[in-house]
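Below is one structure; the comments refer to it alone.
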């Protein structure tokens, strides 16, 4: 796949469940190596879209092409091996008795539990992927003993162990305090400098959590993409008022943004 070739193409994608419209006419493209943020409040349909992109659901209507293959014409098991999906519930599925190296190694074949002793080669590879996220120092620790931020780093390292072409991050800063958040975002940015061809779709509802090297933003509300474009044109009061209301101001510091609400 060439650098400028789309890894994801959605065309009028919709999802209806029990006569309730969850997603409506979603259309966008992600190029190889592109970093894109999906911004929206809770209940806007962000996670439902990620589930489909990860190969764990089908749209009701529209076309979806991922890595040159259309949904309905591919084995979803193949797709799941090409996509790393890190979501908020994954940390509860990992057995707490596993150490960090075992958790990362389990990502190679998509399993959850790892009951065999790691070979030296497997442990070396686990350390490599942990190092990409600045987490090699916790390689021997039990997963259940880690902080929220450390667990997020391990789960992303686990996703990277499968060498995916697309990485889906669903609210990766959830539960992090401000210091841990900034530490995590710094590690994420450093990893992306080394994985230049990795396409990343980053979901959040806080603009403070948008890394500075993510330049493309899509804003979602009630299952629809309201607007998409470059960060400096989207993260404005005029645009964000469509999801946040009017009683706030937007602040910019370098390539990072924040909002302050006024009541």
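The values are calculated or read from the model by the stated rules, or taken from the named source; none is laboratory data. Quick caveat: nothing in here was measured; it's all calculated off a predicted structure. Note that each Cβ is placed from the backbone with ideal geometry, even for glycine, and that neighbours are counted across all protein chains shown.
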note = Scanning region 153-171 residue by residue, those part of a helix (DSSP H, G or I) and in contact with a helix residue (DSSP H, G or I) (Cβ under 7 Å, 6 or more places away or on another chain) turn out to be 153, 154, 155, 157, 158, 160
message = Suppose we filter region 53-81 for residues that are under 13 Å from the mean Cα position of the chain (by Cα) and either modelled with pLDDT under 85 or in a helix (DSSP H, G or I) (or both); how many remain?
response = 1
ask   = Would you pick out the residues in region 78-108 that are under 21 Å from residue 67 (Cα atoms) and free of Cβ contacts under 8 Å to residues at least 12 places away in the same chain?
value = 78
ask   = Can you tell me which residue in region 112-152 is nearest to residue 82 (Cα to Cα), limited to those that are assigned to a loop (DSSP other than H, G, I, E, B) and under 19 Å from the mean Cα position of the chain (by Cα)?
value = 112
ask   = Just a yes or no: is a residue in region 230-246 assigned to a loop (DSSP other than H, G, I, E, B) and over 30 Å from residue 5 (Cα atoms)?
value = yes
request  = Taking the residues in region 217-237 that are buried (at least 16 other Cβ atoms within 10 Å of the Cβ) and under 12 Å from residue 255 (Cα atoms) as candidates, determine which candidate is farthest from the chain's Cα centre (by Cα).
outcome  = 235
inquiry  = Can you go through 171, 163, 190, 209 and tell me which one is free of Cβ contacts under 8 Å to residues at least 12 places away in the same chain and either within 18 Å of the chain's Cα centre (by Cα) or closer than 17 Å to residue 84 by Cβ (or both)?
reply    = 163
request  = Please specify each residue of region 109-131 satisfying the condition of being touching a helix residue (DSSP H, G or I) at 6+ places or on another chain (Cβ under 8 Å) and surrounded by fewer than 20 Cβ atoms within 10 Å (Cβ to Cβ).
outcome  = 110, 112, 113, 118, 122, 123, 125, 127
query = Does residue 84 satisfy the criteria of being in a strand (DSSP E or B) and either surrounded by 19 or more Cβ atoms within 10 Å (Cβ to Cβ) or touching a helix residue (DSSP H, G or I) at 6+ places or on another chain (Cβ under 7 Å) (or both)?
reply = yes
request  = For region 172-179, indicate whether the set of residues that are over 18 Å from residue 152 (Cβ atoms), part of a loop (DSSP other than H, G, I, E, B), at pLDDT below 95 and touching a strand residue (DSSP E or B) at 6+ places or on another chain (Cβ under 7 Å) is non-empty.
outcome  = no
query = With respect to residue 33, is the statement that it is in a strand (DSSP E or B), modelled with pLDDT under 95 and more than 23 Å from residue 223 (Cβ to Cβ) true?
reply = no
task = Answer yes if at least one residue in region 128-148 is closer than 23 Å to residue 92 by Cβ, in contact with a strand residue (DSSP E or B) (Cβ under 6 Å, 6 or more places away or on another chain) and in contact (Cβ under 8 Å) with a residue 60 or more places away in the chain, and no otherwise.
result = no
message = If I filter region 35-51 for residues that are in contact with a helix residue (DSSP H, G or I) (Cβ under 7 Å, 6 or more places away or on another chain), buried (at least 21 other Cβ atoms within 10 Å of the Cβ) and closer than 22 Å to residue 74 by Cβ, do I get at least one hit?
response = no
query = Inside region 194-229, can you point out the residues that are over 19 Å from residue 173 (Cβ atoms) and assigned to a helix (DSSP H, G or I)?
reply = 194
